[in-house]
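Just so it is clear, none of the values below were taken in a lab; they were calculated from the coordinates. Because the structure is a prediction, the values reported are computed rather than measured. Note that we place each Cβ from the backbone using ideal geometry, even for glycine, and neighbour counts take in every protein chain shown.
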Amino acid sequence: MPLVRISGYIVWLFKPMANFFSITPFLLQILVYPFTWASLRFFAQIRILGKENIRGHKSGAIFAVNHSSELDPILIPATLNPFSRLMPMFYLARESSFYEKSGFAKYFYSGTFFKIWGAYPVTVGTGGDYEHALRHHIKILKRGKSICIFPEGGKTKNGEIGEGKPGVAYLLWRTGRPVIPVAIRGHYQMSAHRFLARKHSITVSYGKPITKEELFGARADAISPTREELKVATQVIMSRIQGMYEKI
């Protein structure tokens, strides 16, 4: 790791304007990286495909990932260089009220704990007002940081990749940050026992970045996309993930 890169991160960490919840994801994701990477290598024989597609990327991006397991938010930072310019990773999360009936888990899956890891809630019930619903994530992307989003809006119930929600396409259009499609396979319905017994082999595949111009054309900055155009753009993203998933 070049000394200049490390010193750059130290300067960033201690900038006067640095926010506590901007620093903690960086620190935590570095802290857990050795443990998660070693565990995934030993217990899940993890494979990583397509890292050449994101090598040399110099700013934040939108990682669009199919969602099969609670492990998914950990898999992305665990399979990237923790000192990459794409790190730390921030996330979209449900509002705290969604977890009220989750028992003790509600203290982990919401509120301050999520923010410490880098997850910010999406505001629901906005009637398609993505600017308001995704306001936290727009700011994060504008600062040059990365977002991990599960476009399906929840875990798959049958192991198949479902339809995506237009929010992912709106973030791409609004911020100009590319979407990096990510397909994960091999851990659907994986229990802790099966993981420790090495019953699963997990593959994470990174695709070529999808640009704003590719989805919305040369006039993307001149006119706001309609809801239908956002749906079509999201279908393109999901079809890219589906194609990668089928090749694993």
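Among 76-82, 231-237, 87-93, what's the highest-first ranking by average C-beta atoms within 10 angstrom per residue?
Details: 76-82: 21.1, 231-237: 18.6, 87-93: 22.9.
Taking the mean over residues of other Cβ atoms within 10 Å, the ranking is 87-93, 76-82, 231-237.
Which links in Lys115/Lys155; Lys145/Lys199; Lys157/Lys208 stretch past 30 Å when you go from one Cα to the other?
Numbers: Lys115/Lys155 21 Å; Lys145/Lys199 35 Å; Lys157/Lys208 27 Å.
Where the Cα-Cα span goes over 30 Å, the pairs concerned are Lys145/Lys199.
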Protection proxy (average C-beta count within 10 Å per residue), highest first, orders 174-180, 217-223, 51-57, 128-134 as 174-180, 128-134, 51-57, 217-223
